[in-house]
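Before any comments, here is the structure.
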Amino acid sequence: MNPTPWSVYDTPLTSRFFLGSSGYPSPAVLRQCIEASGTQVVTVGLRRTLAGGGDNGFVAEIVSALRERGGHLLPNTAGCRTAREAINLARMARELYDTPWIKLEVVGDEHTLQPDPWELLLAAEALSKEGFCVFPYCTDDLVTCRRLLDAGCTVLMPWGAPIGSGQGLLNPQALRTLRERLPDVPLIVDAGLGTPSHAVLALELGLDGVLLNSAVSQSGDPVRMATAFAHAVQAGRLAREAGAMAAQTMAVPTTPVTGRPFLID
């Protein structure tokens, strides 16, 4: 049984697992991870592509693997510190990869790599007006998320924890609030997940998907870990759709007891 299909920017998807493409041991391992994960969306950093060198082989492998499965490339603006930088990089990505999709990252703090809400909003509004399909990497702050929606975004990517930290969901209550207050907005947890159990929790909370990179690429066996996350994402979403039992503050017997006890000779 598969979870209910969904869509982002009017593009139907079946997988709720977005995969990053940085830090893999080889292009071959990356390709195997894409196949094992079942992902339909893979991110790629344009700055890495422009730097050339060995990473060009990784990009070619990504494009080839996605083409075979009808997937989608999601360029990102990783490394940008201002709206102007991000806007310029997004324009270059659209020309290079022939896609209006852009994962918008504008970092404001070097230690936490936390998004800069002001620069992020400026870039999101400008790019939305230019016809980009903006996937903004943001915090779990409700007000900031609402402003991003007002700026033209129809998908949000709130963080679970700082990028690459593997800490999981540091503020599940904030993510739960986002789900409750923005019930019709696709929400994809981006950054900070370290284990498949983190992905299960995100989907059980009602988030629509997860995007992760280091949890797979930096694991001991990336292909096995990609497979584990694929199952975790599916399990979390199926659990959300099934509806969990109500939690109780005391024990509740699962076997009803009626009448009087009887003896068997």
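The values are calculated or read from the model by the stated rules, or taken from the named source; none is laboratory data. Remember, predicted model here, so these are calculated numbers, not experimental data. Please note: Cβ atoms are built from the backbone with ideal geometry, for glycine as well, and neighbour counts cover all protein chains shown. Remember, those area values only see protein heavy atoms, side chains included, never the ligands or the DNA or RNA. Shrake-Rupley method; radii C 1.70, N 1.55, O 1.52, S 1.80 Å.
What are the pairs with Cβ atoms under 8 angstrom where one residue, in the range 121-141, is of a type in the set (Phe, Trp, Tyr) and the other, located anywhere, is assigned to a loop (DSSP other than H, G, I, E, B) and surrounded by fewer than 18 Cβ atoms within 10 Å (Cβ to Cβ)? Sequence gap at least six, or different chains.
If the second residue must be assigned to a loop (DSSP other than H, G, I, E, B) and surrounded by fewer than 18 Cβ atoms within 10 Å (Cβ to Cβ), the pairs left are Phe132/Pro100.
Got at least one residue in the range 122-135 being small (Gly, Ala, Ser), more than 26 Å from Pro196 (Cα to Cα), open to solvent by less than 50 Å² (accessible area, probe 1.4 Å) and out of contact with any helix residue (DSSP H, G or I) (no Cβ under 8 Å at 6 or more places or on another chain)?
Step one: of the range 122-135, the residues small (Gly, Ala, Ser) are 123-124, 126, 128, 131.
Those still in the list that are more than 26 Å from Pro196 (Cα to Cα) too: 123-124, 126, 128, 131.
Checking which are open to solvent by less than 50 Å² (accessible area, probe 1.4 Å) leaves us with 123-124, 126, 128, 131.
Among the residues that remain, those that are also out of contact with any helix residue (DSSP H, G or I) (no Cβ under 8 Å at 6 or more places or on another chain) are: 128, 131.
Yes, there is a match, as at least one residue in the range 122-135 is small (Gly, Ala, Ser), more than 26 Å from Pro196 (Cα to Cα), open to solvent by less than 50 Å² (accessible area, probe 1.4 Å) and out of contact with any helix residue (DSSP H, G or I) (no Cβ under 8 Å at 6 or more places or on another chain).
Just for the range 89-120: of the residues that are within 22 Å of Gly166 (Cβ to Cβ) and without any contact (Cβ under 8 Å) to a residue 12 or more places away in the chain, which one is most open to solvent (accessible area, probe 1.4 Å)?
Per the criteria, the residue is His111.
Only residues in the range 1-30 that are among the charged types (D, E, K, R) count as the first member; pair them with residues that are part of a loop (DSSP other than H, G, I, E, B), Cβ under 7 angstrom, at least 6 apart or cross-chain, and list the lot.
That search, which allows pairs on different chains as well, returns Arg16/Pro3; Arg16/Asp208.
Out of Thr82, Thr77, I need the residue that is among the β-branched types (Val, Ile, Thr) and within 18 Å of Trp159 (Cα to Cα). Which one? Before the answer, list the steps.
On the way: Thr82 fails: within 18 Å of Trp159 (Cα to Cα).
The match here is Thr77.
Inspect the range 102-123 for any residue being out of contact with any Phe, Trp or Tyr (no Cβ under 7 Å at 6 or more places or on another chain) and of a type in the set (Lys, Arg) and give the result as yes or no.
There is no residue in the range 102-123 that is out of contact with any Phe, Trp or Tyr (no Cβ under 7 Å at 6 or more places or on another chain) and of a type in the set (Lys, Arg).
Which pairs do you get when a residue that is within 17 Å of Thr144 (Cα to Cα) and touching a residue at least 12 places away in the same chain (Cβ under 8 Å), found in the range 162-187, comes within reach of a residue that is basic (Lys, Arg) and open to solvent by 40 Å² or more (accessible area, probe 1.4 Å), reach meaning Cβ atoms under 8 angstrom, with the pair 6+ apart or on two chains?
Here the result reads Leu182/Arg146, each pair linking the range 162-187 to a residue that is basic (Lys, Arg) and open to solvent by 40 Å² or more (accessible area, probe 1.4 Å).
Return yes when Val143 is in contact with an Asp or Glu (Cβ under 8 Å, 6 or more places away or on another chain), modelled with pLDDT of 95 or more and either among the β-branched types (Val, Ile, Thr) or open to solvent by 50 Å² or more (accessible area, probe 1.4 Å) (or both) and no when it is not.
Taking the combined requirement at face value, the residue does not satisfy it.
Checking Thr82 against (1) among the polar types (S, T, N, Q); (2) open to solvent by 10 Å² or more (accessible area, probe 1.4 Å); (3) under 20 Å from the mean Cα position of the chain (by Cα): exactly one of these is not met. Which one?
Tallying (1) among the polar types (S, T, N, Q); (2) open to solvent by 10 Å² or more (accessible area, probe 1.4 Å); (3) under 20 Å from the mean Cα position of the chain (by Cα), Thr82 fails exactly one: (3).
Among (1) touching a Ser or Thr at 6+ places or on another chain (Cβ under 6 Å); (2) on the phi > 0 side of the Ramachandran plot, there is one condition Glu105 misses while meeting the rest; what is its number?
Failed condition: (2).
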